[in-house]
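The values are calculated or read from the model by the stated rules, or taken from the named source; none is laboratory data. Everything numeric here is computed off the predicted structure, so don't read it as measured data. All Cβ positions, glycine included, derive from the backbone under ideal geometry; neighbour counts span all protein chains shown. The area values use the complete protein model at the heavy-atom level, side chains included, leaving out ligands, DNA and RNA. Shrake-Rupley method; radii C 1.70, N 1.55, O 1.52, S 1.80 Å.
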Amino acid sequence: MSDVRIAIITFCIALAVGFGRARAEDVDAAHARIATAHLKLDYDLTKGRFDLTTSRGEPVLRRARDLVEERGSATSSAEDRCVRKIVHRGERELRVLSHDPSSGLDFETRIDLLPDRAAALVELVITNKSPKPTKIALAEPVHVAINEGGGCFFDASRVLTNGYIYYDSGRLEAFDAAAKTKIDSFWNAAFCSGQVGSGQGRRGLIVGFVDGDRAEGRVRASRDHNDLSKPAGTEFNLAARALFHPNFVLPHGGSVRTGRVLLELSDDPHAALEHYADLCAERRQAKLNPVINGWCSWFVYYGGVSEAEVLKNAQFIAKELKPYGMEWIQIDDGFYRAFGDWEGNERFPNGMKHTADEIRKLGLKPGLWIAPYCISEQSEIATKHPEWLVQDPNGGPQKIEQAHLAQAKYILDVTHPAAQQWLSQQFKTIAQDWGYRFIKTDFVEWTLLAAGQFHDPTVTKSQAYRLGDQLMRDAMGPDAHFLDCGPGNEVVGLIDSMRIGLDRPDDLPKFQLWEQYAGHANSTIPSVAKRYYFHNRTWINDPDHLRTKRLTIPQAQAAATIVALSGGTTISGDKLYELDR
């Protein structure tokens with residue numbers, strides 16, 4: 001072979017090897033990969049999508065992307081027009097920044113794989129680089145869809161959802177390929193494979209928002225897809241949705257986070273649920289005051305509570321029940337002059353401080369219910385400071401659209417600086433001056449969380465809720481017990497306990513008191529079971545009052561056992577001095 005031929009062959013081989021290397025380098029440059037001993041993640045920079053698999057190569061998420069609703073239209077960092085780059089890559093962490101030249105938005109995808117378990121945390125941060133403010137109603141840091149060639153590949157047979165507030169504690173229902181179930185769960189959902197008693201191993205997939213300080217978290221899943229000719233498989237549509245507010249404004253240069261979403265595979269679904277709650281508590285540095293054991297006026301007197309009856313029950317408790325651990329006397333709805341005017345009415349002629357002092361003289365501790373965002377039309381705020389109220393689009397105060405809150409006509413806007421000062425002073429008065437060291441707040445869903453717009457439009461709904469609870473917590477001090485009847489996931493770290501079950505007044509004609517504890521999907525028994533993993537982690541579960549007067553002896557014994565076994569607040573709702581000794 002001539003030297004010329006050898007040179008030509010060598011040159012061709014070098015070109016082939018060189019091109020091969022270039023192609024391999026191009027492929028590597030287009031993909032960002034991180035891994036642990038449990039999971040692998042591959043982010044495709046050319047598509048703005050990622051795949052999540054187990055270390056054995058089993059798919060978990062395929063073709064995952066984000067979704068953002070800006071000014072009523074959906075957009076995503078997966079759009080072809082977006083320019084993407086890696087801003088950080090470690091062994092287990094990945095940060096990808098995508099810029100949309102059309103909208104001027106930056107999307108930063110943050111993904112962390114946990115080292116000690118098959119779990120990932122995914123978050124989306126949106127920054128407005130355009131010269132004008134824009135409206136961002138919602139964002140999904142995780143969005144996978146069957147009709148996009150992707151999905152969540154977990155062979156789920158059932159799902160445990162979480163409800164929005166105490167009267168809806170969630171559902172446990174079928175989620176196999178034949179069920180065609182659609183779920184819309186608040187904050188988190190637990191998917192489970194296998195059947196009880198089948199002898200097969202049971203696995204779990206937990207999907208849940210760890211953070212709640214800027215957005216309300218929702219987990220949506222379904223098995224619907226466009227091509228119905230294909231047989232149903234294990235994959236399903238999955239979206240982790242962060243809701244800001246329909247009128248939330250992201251100013252120029254401003255950023256908003258969806259909060260981190262946990263995706264965790266486990267051979268023990270219960271352990272994964274508990275780990276999820278632990279992460280929520282750790283993120284907000286939750287520290288809980290002791291469990292409340294006491295008595296509440298609501299189930300006995302409703303809005304007709306009086307100083308005389310409160311003290312009559314307190315005297316009985318001090319004599320008969322204090323030796324067994326009952327120590328708190330909580331005055332519920334009905335003591336005030338008007339919503340927003342929290343001084344005692346004519347049934348508390350000596351004032352609320354006097355009642356608290358008399359309770360302490362008996363060796364007991366006073367507690368008080370309040371609806372902090374409810375404002376009556378005749379209150380001083382409504383007449384003298386209407387600008388402190390949530391406004392409707394026409395410039396007048398937004399009205400509360402709830403029949404059972406007929407006297408609470410308006411909503412306190414906690415994003416208004418003067419309203420913040422007023423709220424803080426109210427709680428200082430109640431907790432510090434009057435001396436109520438157990439405070440229960442209520443009606444947040446129909447007031448603050450129903451606000452159509454805020455005085456400060458750059459504040460999200462969750463942010464406003466957390467701001468209000470922070471003001472209350474700071475005013476009452478760290479040692480007071482704070483019981484919230486709202487969606488507690490948004491205020492973890494500020495509250496001590498949260499209502500978790502059904503609230504049905506027993507004066508309804510067809511209501512049987514036993515239904516409060518059993519016989520309904522949101523009664524005490526199923527609610528305690530469905531929300532057990534939050535207890536003593538994010539908050540103390542409050543299964544609500546124990547009322548025995550209208551129960552049979554076996555029912556009363558069972559209800560008392562249920563409440564006690566919950567480990568949560570133990571609050572009597574009876575007229576105690578009339579009970580048999």
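Structural remarks
- All conditions in (1) over 30 Å from SER527 (Cβ atoms); (2) in contact with a Lys or Arg (Cβ under 7 Å, 6 or more places away or on another chain); (3) open to solvent by less than 10 Å² (accessible area, probe 1.4 Å) hold for GLY149, with the sole exception of (3).
- Whichever residue in the range 245-267 is in contact with a helix residue (DSSP H, G or I) (Cβ under 7 Å, 6 or more places away or on another chain) and within 25 Å of PRO487 (Cβ to Cβ) and, among such residues, is surrounded by the fewest Cβ atoms within 10 Å (Cβ to Cβ): LEU262
Listed here are the residues, each with its yes/no results for (1) surrounded by fewer than 21 Cβ atoms within 10 Å (Cβ to Cβ); (2) closer than 21 Å to THR441 by Cβ; (3) of a type in the set (Gly, Ala, Ser).
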position: LEU502; (1), (2), (3): no, yes, no
position: GLU515; (1), (2), (3): yes, no, no
position: SER527; (1), (2), (3): no, yes, yes
position: LYS530; (1), (2), (3): no, no, no
position: PHE534; (1), (2), (3): no, yes, no
position: PRO543; (1), (2), (3): no, yes, no
position: GLY567; (1), (2), (3): yes, no, yes
position: ILE571; (1), (2), (3): no, yes, no
position: GLU578; (1), (2), (3): yes, no, no
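- For VAL144, the stated conditions hold: it is open to solvent by less than 20 Å² (accessible area, probe 1.4 Å), in contact with a Cys (Cβ under 9 Å, 6 or more places away or on another chain) and among the β-branched types (Val, Ile, Thr).
- When the residues of the range 55-77 are filtered to those that are under 15 Å from LEU121 (Cα atoms) and either touching a Ser or Thr at 6+ places or on another chain (Cβ under 7 Å) or not hydrophobic (A, V, I, L, M, F, W, C) (or both), the one that is most open to solvent (accessible area, probe 1.4 Å) is ARG65.
- Residues of the range 424-457 classified as over 30 Å from PRO133 (Cβ atoms), part of a loop (DSSP other than H, G, I, E, B) and under 23 Å from the mean Cα position of the chain (by Cα), total: 2
- Residues that are out of contact with any helix residue (DSSP H, G or I) (no Cβ under 9 Å at 6 or more places or on another chain) and at pLDDT below 95, drawn from the range 300-323: TYR302, GLY303
- Selection count where residues are within 28 Å of SER462 (Cβ to Cβ), among the acidic types (Asp, Glu) and at pLDDT below 95, scope the range 149-187: 2
- Checked against the criteria, ASP392 counts as open to solvent by 20 Å² or more (accessible area, probe 1.4 Å), touching a residue at least 40 places away in the same chain (Cβ under 8 Å) and under 28 Å from the mean Cα position of the chain (by Cα).
- Residues (under 19 Å from LYS575 (Cα atoms) and surrounded by fewer than 21 Cβ atoms within 10 Å (Cβ to Cβ)) located in the range 328-361: ASP333, GLY334, ARG347, GLU358
- Enumeration of residues in the range 278-327 that are open to solvent by 20 Å² or more (accessible area, probe 1.4 Å) and of a type in the set (A, V, I, L, M): LEU279, ALA286, LEU288, VAL291, VAL300, ALA308, LEU311, ALA318, LEU321, MET326
- Listed by position, the strands (runs of 3 or more DSSP E) contained in the range 124-169 that have at least 1 residues being of a type in the set (Lys, Arg) are 134-144, 158-161.
- Condition check for GLY486: part of a loop (DSSP other than H, G, I, E, B), within 18 Å of ARG214 (Cβ to Cβ) and open to solvent by less than 30 Å² (accessible area, probe 1.4 Å): yes
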